[in-house]
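The values are calculated or read from the model by the stated rules, or taken from the named source; none is laboratory data. Just so it is clear, the structure is predicted and the values come from calculations on it, not from any experiment. Glycine gets a Cβ as well: all are built from the backbone with ideal geometry, and neighbour counts include every protein chain shown. Quick note on the areas: whole protein, heavy atoms, side chains included, nothing else; ligands and nucleic acids left out. Shrake-Rupley method; radii C 1.70, N 1.55, O 1.52, S 1.80 Å.
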Amino acid sequence: MDWISIFGIALALAMDAFAVALATGAVLNPVTGRHLFRLGFHFGLFQALMPIAGWLLGLTVQKWITAYDHWIAFGLLAYVGGRMIVEAFEEDEDTAPSDPTKGLTMVMLSVATSIDAFAVGLSLAMLGVSVWVPSVVIGLVAGVLTVTGMLLGRRLGDNWGKRVEVCGGVVLCLIGLKILLEHTLLK
């Protein structure tokens, strides 16, 4: 596989992570180096490991996984996005919004944004292409775009406040819906 194809795939896969990072950066105040590292590292790690997992499983389980992977991604993104929207409308200003770079929320976002990378790994197995170099590139690109998205999101959050938090939640829900529609209605 040539380098242009690898980078093209990596950029395409990282777009969901970038959008989620944008929304996350808008919610956090302030965005610290710890936040940037945690989300960038985990999104990059999951984006790198999922193609390997897909490649290792190969054709044997593809028909079972592709039957419901889009529902998992949709459910995770809709849940986290819905929670962000609800928190934006809560009246109690003393409570800070939950930190999406911690705990189960971070794991759910990492899985939801990397399910497409799993499908890429399955495709690479079908093509007989080695997964190791593409996986490293996919992970690095996702990590860099995640950090970039968080920094841009923070700028938006500073300027637009709660509206960006609501928009971020809506974006997460729409990404989940896009994944669901691509795998159900648009096939």
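Counting only Cα, what are the radius of gyration and maximum Cα-Cα distance Dmax of region 1-154, in Å?
Every Cα atom of region 1-154 included, Rg and Dmax give 16.2, 55 Å.
Please work out the average accessible area per residue across the chain, using the 1.4 Å probe convention, and give it in Å².
In whole numbers, the chain has 51 Å² accessible per residue.
Between I72 and T32, how high is the FRET efficiency from 1/(1 + (r/R0)^6) when r is the Cβ-Cβ distance and R₀ = 45 Å? Nearest 0.05.
Calculated transfer efficiency: 0.90.
Read phi for every residue in region 107-116 and hand back ³J(HN,Hα) as whole Hz from Karplus 6.51 cos²θ - 1.76 cosθ + 1.60, θ = phi - 60°, with x for Gly and Pro.
Result, rounded to whole Hz: 5, 4, 5, 4, 5, 4, 7, 10, 5, 4.
Residues in region 98-133, backbone N under 20 Å from the label point at M1 (7 Å along the Cα-to-beta-carbon vector): list them, ranges by number please.
In region 98-133, the label zone of M1 (backbone N under 20 Å from the point 7 Å along Cα→Cβ) covers 111-133.
For an R0 of 25 angstrom, estimate the FRET efficiency from the Cβ-Cβ distance between N159 and E90 and round to the nearest 0.05.
0.70
Using Cα pairs under 8 angstrom and six or more residues apart, how large is the relative contact order of the chain, in percent? Walk me through the numbers on the way to the answer.
Details: 299 pairs, mean separation 93.2, N = 187.
For the chain, the relative contact order is 50 percent.
Where does the chain land at 222 nm, in deg cm²/dmol rounded to the nearest 500, when only DSSP H runs of n ≥ 4 count, each adding -39500 (n - 2.57), divided by all residues?
-28000 deg cm²/dmol
Leaving ligands, DNA and RNA out of it, report the carbon-plus-sulfur percent of the accessible area of the chain at a 1.4 Å probe.
Numbers: 6760 of 9490 Å².
C and S fraction of accessible area: 71 percent.
Taking every pair of alpha-carbon atoms in region 1-75, give the share separated by more than 17 Å as a whole percent. Write out the running numbers ahead of the final one.
Details: 1670 of 2775 pairs.
I get 60 percent for the Cα pairs in region 1-75 exceeding 17 Å.
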